[in-house]
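Following: one structure in C-alpha cells, then a few remarks.
The values are calculated or read from the model by the stated rules, or taken from the named source; none is laboratory data. Keep in mind that what you see is a predicted model, and the values were worked out from it rather than measured. Don't worry about glycine lacking a Cβ; one is built from the backbone with ideal geometry, like all the others, and counts go over all protein chains shown.
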Amino acid sequence: MNDGLLKTQNICKEFSSVPVLKDITIEIIRGEILGIIGENGAGKSTLMKILSGIYTSTSGEIVFEGKAVVISDPLTAKKLGISIIPQEFNLVNDLTVYDNIFLGSEIRKKNGFLDKKRMMERTKELLKELEVEIKPDEKIENLSTVQKQMVEICKAVSIDAKLLIMDEPTSVLSQHEIEILYRLMRRLKKQGTTIIYISHKLKEIKAICDRVMVLRDGELIFTEIIQDITVLEMAQYMVGRELNQVFPEKKVPEAEVVFEVQNLTVPGVLENINFQLKKGEILGFAGLVGSGRTAVAETIMGIRKRSSGEIFRNGKKILVWKPQDSVENGINYLSEDRQGTGILTNFSVTQNTTLVSLTSYCKYFFQYILKNKEQEATLKHKERFNIKTQSLDTKLEYLSGGNQQKVSLAKSIDPAPEVLIANEPTRGVDVSAKQEIYRFINSLAEEGLSCLFISSEQEEIIGMCHRVIVMKDGRITGSLEGESINEEEIMFLATGIREGDISS
Ligand SMILES: Nc1ncnc2c1ncn2[C@@H]1O[C@H](COP(=O)(O)OP(=O)(O)OP(=O)(O)O)[C@@H](O)[C@H]1O
Ligand SMILES: [Mg+2]
C-alpha cells in the first residue's frame, strides 16, 4: 500500500520573475509529523501557501491521496482536508472568537439560519482542550497575542483535516502553551492526521517530528528521519556553514542608574512594579504568558494607562502619557505584536525603518525628507541583519515573516535610543540571524545602551541578560543575577513550584 498522502512534483514559484521555489519534489507520509526548516526567506511559507491554496505555483504538480489536484483557492484546500495555521494572524478583529473559528464553514440549522449555540459550544470545547481561558463570544481585538495564536490553532483544528499545516505556531507561545500544543499534535497524530510543522526552534522539531526537511534558497536540500540528525546538524544544513558560539560574552554594566520605575500599578494587571536599569545593562524579564511582562513595557511606553507609579530617566521624573513621550526621552519599544503595532505592512522597508526616527531625516521644518540619507541608513540595517528583500522600496507584506521581524528591530533601533525595550526580539528569526541580533544588542549595550529584554525563550534570557526579573500574576516575584540565572530558578519564581515538588 502506498502510504503517501501528498506529493509535489517539481513545484516552482516566481514572484515578478524572481524564483522563490525551485523544483520542489516531496512526499508527505500519511500520519507523520514532518518538520520543515530553513533560513528566513528560504521559501517555507510560500510552499505551505501553495499547498493550502493561498498561492498557486508557477509550475509543477500536486498529487493528493493518489489523485492529481489543482488547489486553486483556500476553499478547495479545505474541501480536500488541508488546513493551515498561518504564520501571520488571519483573524477578523471586530468579530468574536467563534465567528472567526467558523468563518466560511458556519454551522447552520435545518432552516438555514446560523446555529450560534452549537458554534459557541464547539468553540468552548476547542478552547478547553487548549486550556485557553477566553469566552467564545469575546472579540478578537480584546485578546493578547498568545490568545490570538491559540484561536488560530482552534480554527485550523475545527475542521477535521487530513493534512494540518502549522507555520511557526509556537513563535509567540511560551513553554506552557507549547506543551499543550504538543499534546494536541500527538492526539491528532494518533487519530491519523498528518502534520507539517515549521519552526525555527530546532529542539522542538527534534522533540515532536518524525522526519525533517531542509529548504535553502528555495531548494530542497535534504530530508532525514529525526533520530538520525542532531539539532546542531539541522542548524548547519539550514545555513550551509558551521555555526559557532551562539551568545556573546557578557560585559559588566556600569554602576550608573539610567532608568527607574517606582510603584507602577495598573489595576488588575500590574501591582507595584519597582526596578532600576543601569547603563549598559541587559535586564531580562521572564515569566509565563500573562504574567505582566508586556504590560510593564506598554505602561512604560504610555500605551497602557497606569493608576499610579513614576518613571525616572537619569534620576529625573519623566511624564509619560503616550508613546511619543517615551521616545522623546530616549526610550524605544520593539513590540511583540509585529503586525499589530510593530510595522506597517503596506509601507516599504525604508518607510518602516525610519517611521519613529523620521524627523532626523527631515529638512526645513519637515518639508523635505532627505531620501538619500534615509536609504543609506536603511541599507546599513539591511546589511547588518541580512534582511532579504527585493529592494528597499518593497512593501513589507512581500517579505517573509522573519525578515519583517528584522525590519521591526531596525525600526526600533534607528532612533538610537538609550533605553530599548525589546519584546520577543528574535521572534520567528532563524538561527544565524538570532546570533546576529544577540551580538548587535550586546555591542550596543557595550556602547552604553540599556535594554529591557522580554522573552519567552529561557535560553536567550539566560544567555543574554546581566540580571533577570521574574514576574507572576502582575507582580515581580524575584530578581536573579550571575550564577543564579538558570532555568530552575526562573521557573520557580515564575510558577512558585520547584521541580519535584508534590504540589497541585
Ligand atoms: N507575495 C510575495 N511577493 C513577492 N515576494 C514574496 C511574496 N511572498 C514571499 N516572497 C518572497 O519569497 C521568499 C520566500 O519567502 P517565505 O515567506 O516563503 O520564506 P520563509 O521560509 O517562510 O521565511 P521565514 O522563516 O522568515 O518565515 C522571500 O524572499 C520573500 O520575500
Ligand atoms: Mg515563513
Which residues, taken from the range 168-199, are buried (at least 21 other Cβ atoms within 10 Å of the Cβ), within 25 Å of GLY292 (Cα to Cα) and modelled with pLDDT of 90 or more? GLU168, PRO169, THR170, LEU181
Read through the list (1) over 23 Å from GLY402 (Cβ atoms); (2) more than 19 Å from the chain's Cα centre (by Cα), then give the number of the only condition that GLU141 fails. (2)
So, of the residues in the range 392-439 that are among the hydroxyl-bearing types (Ser, Thr, Tyr) and farther than 23 Å from VAL296 by Cβ, which turns out to be surrounded by the most Cβ atoms within 10 Å (Cβ to Cβ)? SER400
Could you give me the residue pairs with C-beta distances under 7 Å whose first residue belongs to the range 162-177 and is free of Cβ contacts under 8 Å to residues at least 60 places away in the same chain, whose second residue is within 16 Å of ligand 2 (Cβ to nearest atom) and among the acidic types (Asp, Glu) wherever it lies, and which are 6+ apart or on separate chains? THR170/GLU204
Looking at (1) touching a residue at least 60 places away in the same chain (Cβ under 8 Å); (2) out of contact with any Asp or Glu (no Cβ under 7 Å at 6 or more places or on another chain); (3) of a type in the set (Asp, Glu), can you tell me which one GLU328 breaks? (1)
Could you tell me whether VAL212 is in contact with a strand residue (DSSP E or B) (Cβ under 8 Å, 6 or more places away or on another chain) and surrounded by 15 or more Cβ atoms within 10 Å (Cβ to Cβ)? yes
Can you give me the ranges of the strands (runs of 3 or more DSSP E) entirely in the range 37-149 with at least 2 residues that are within 30 Å of GLN435 (Cα to Cα), within 16 Å of ligand 2 (Cβ to nearest atom) and of a type in the set (Val, Ile, Thr)? 82-85
Tell me which residues, restricted to the range 12-36, are within 16 Å of ligand 2 (Cβ to nearest atom) and touching a Lys or Arg at 6+ places or on another chain (Cβ under 9 Å). LYS13, VAL20, LEU21, ILE24, LEU34, GLY35, ILE36
Out of all the residues in the range 366-393, which are within 16 Å of ligand 2 (Cβ to nearest atom) and modelled with pLDDT of 90 or more? ILE387, LYS388, THR389
Scanning the range 215-234 residue by residue, those within 12 Å of ligand 1 (Cβ to nearest atom) and crowded, with 19+ Cβ neighbours inside 10 Å turn out to be LEU215, GLY218
The number of residues in the range 147-174 that are more than 14 Å from PRO86 (Cα to Cα) and within 21 Å of the chain's Cα centre (by Cα) is 3
GLY428 - would you say it is in contact with a His (Cβ under 8 Å, 6 or more places away or on another chain) and small (Gly, Ala, Ser)? yes
Quick one: in the range 32-71, of everything that is over 18 Å from GLU397 (Cβ atoms), touching an Asp or Glu at 6+ places or on another chain (Cβ under 6 Å) and crowded, with 22+ Cβ neighbours inside 10 Å, which residue is modelled with the highest pLDDT? ILE33
Can you tell which of VAL132, VAL151 is of a type outside the set (D, E, K, R), touching a residue at least 24 places away in the same chain (Cβ under 8 Å) and farther than 25 Å from VAL63 by Cβ? VAL151
Across the range 174-197, what is the number of residues that are within 16 Å of ligand 2 (Cβ to nearest atom) and more than 20 Å from ILE54 (Cα to Cα)? 0
Name every residue in the range 1-31 that is within 12 Å of ligand 1 (Cβ to nearest atom), in a strand (DSSP E or B) and loosely packed, with under 15 Cβ neighbours inside 10 Å, in order of residue number. GLU14, PHE15, VAL18
